[in-house]
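A quick write-up on the structure given underneath.
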Amino acid sequence: MNHAALLISTICCFLICSCQDDRIQLPRAVAFPSQVNLTSELPNTQIVLSGAGEFNLTWSLTYKPQWLHVNPASGYIQNGAIELIALTSNLLPQTLTDQIIISTVTGNIEIPVTLSITSSNAVQVNLLPYIDYHENTREFTITNHSDQPANWQIELTGDYLTLSPASGILSPGQSSSLKLSIDRSQLATKTYAEKLLLKVGGIQSFDMQITLNNFHEDKWLLDGEVTDSEYDRTGDNLVVIIGNQLQRLKPETRESTSVMLPG
């Protein structure tokens, strides 16, 4: 009986080993590139799955970060590229690190993903960029469209411009009112071009040009009572009558000529 049992055990082991040797070993799929680096300037790329050999294996996306769009989300390994697009519109300047997990019958493929955001539109300023002659103040708002608190700061060129407040912290979805003041006392008659620089988290994320028109009023006091006046468009002169004199005035140079009117 012992010999018979030994013989049966030997035959079973041989059959099991034979079956194991006859199993098909499926190739393991891989991704190229094996790691993805995205930026706010270059927010999209593609990856390709390969390594299935002659077997047309399927795959499906099982995990991705919320800020990443993946298309398609499933398919066959040898059916072309997979598009990755970073959704940066509501993200603050920062560096995010996560991964994509793709499932196949031969195991999971884990692809590390890094997103570096150096410019962002998540915090927005709604200031109109044109300031006319009569305006000495301008009120506008700043809004945080992200889902994170935003530490912001605004810098202005032109020492005649002041902003209150010029910095602060905005909660997600919060807006704040700002007041721009213009000191025209030392400005000449011309059009000024200045810049507003917005920093979020210490990183410059936005800049805009501000155009300001200014007219410097310089009074010219005349002796006597003006009884009549008119503007000479051809000569760019101001013609006035004071008493029995007709005076021709050039405002830019303060030159004047006069003639006596017949009595």
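Odds and ends about this structure:
- Test result for THR62, at pLDDT 95 or above, farther than 30 Å from LYS190 by Cα and assigned to a strand (DSSP E or B): yes
- LEU246 in a strand (DSSP E or B), modelled with pLDDT under 95, more than 18 Å from ASN126 (Cβ to Cβ) and over 21 Å from the mean Cα position of the chain (by Cα): yes
- Restricting the stretch 196-215 to residues that are over 16 Å from the mean Cα position of the chain (by Cα) and exposed (fewer than 14 other Cβ atoms within 10 Å of the Cβ) leaves a set whose member that is farthest from ASN126 (Cα to Cα) is PHE215.
- Evaluation of THR106 against the conditions (1) out of contact with any strand residue (DSSP E or B) (no Cβ under 7 Å at 6 or more places or on another chain); (2) surrounded by 13 or more Cβ atoms within 10 Å (Cβ to Cβ); (3) over 28 Å from VAL30 (Cα atoms) shows that the sole unmet condition is (3).
- Taken as a whole, the condition of being under 30 Å from ILE47 (Cβ atoms), acidic (Asp, Glu) and modelled with pLDDT of 95 or more applies to GLU110.
- Residue tally, condition under 20 Å from SER119 (Cβ atoms) and assigned to a strand (DSSP E or B), over the stretch 191-201: 6
- Residue list for the stretch 65-92, filter: outside any strand (DSSP E or B), within 26 Å of SER119 (Cβ to Cβ) and of a type in the set (S, T, N, Q): GLN66, THR88, SER89, ASN90
- From the list SER181, SER205, SER176, the lone residue that is at pLDDT 90 or above, under 30 Å from GLN148 (Cβ atoms), in contact with a strand residue (DSSP E or B) (Cβ under 9 Å, 6 or more places away or on another chain) and of a type in the set (Ser, Thr, Tyr) is SER176.
- Of the listed requirements (1) farther than 30 Å from LEU92 by Cα; (2) surrounded by 15 or more Cβ atoms within 10 Å (Cβ to Cβ), GLY243 misses just one: (2).
Here is a yes/no grid of residues against (1) of a type outside the set (Phe, Trp, Tyr); (2) under 14 Å from the mean Cα position of the chain (by Cα); (3) more than 30 Å from GLN46 (Cα to Cα); (4) modelled with pLDDT of 95 or more:
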{"site": "SER120", "(1), (2), (3), (4)": "yes, yes, no, no"}
{"site": "VAL125", "(1), (2), (3), (4)": "yes, yes, yes, yes"}
{"site": "LEU128", "(1), (2), (3), (4)": "yes, no, yes, no"}
{"site": "TYR133", "(1), (2), (3), (4)": "no, no, yes, no"}
{"site": "THR137", "(1), (2), (3), (4)": "yes, no, yes, yes"}
{"site": "THR141", "(1), (2), (3), (4)": "yes, no, yes, yes"}
{"site": "ASP147", "(1), (2), (3), (4)": "yes, no, no, no"}
{"site": "ILE154", "(1), (2), (3), (4)": "yes, no, yes, yes"}
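- Check on ALA86, under 30 Å from LEU198 (Cβ atoms), of a type in the set (Gly, Ala, Ser) and surrounded by 13 or more Cβ atoms within 10 Å (Cβ to Cβ): yes
The values are calculated or read from the model by the stated rules, or taken from the named source; none is laboratory data. Nothing here was measured: the structure is a model prediction, and the numbers come from that model. Positions of Cβ are generated from backbone atoms using ideal geometry, with glycine treated the same way; all protein chains shown enter the neighbour counts.
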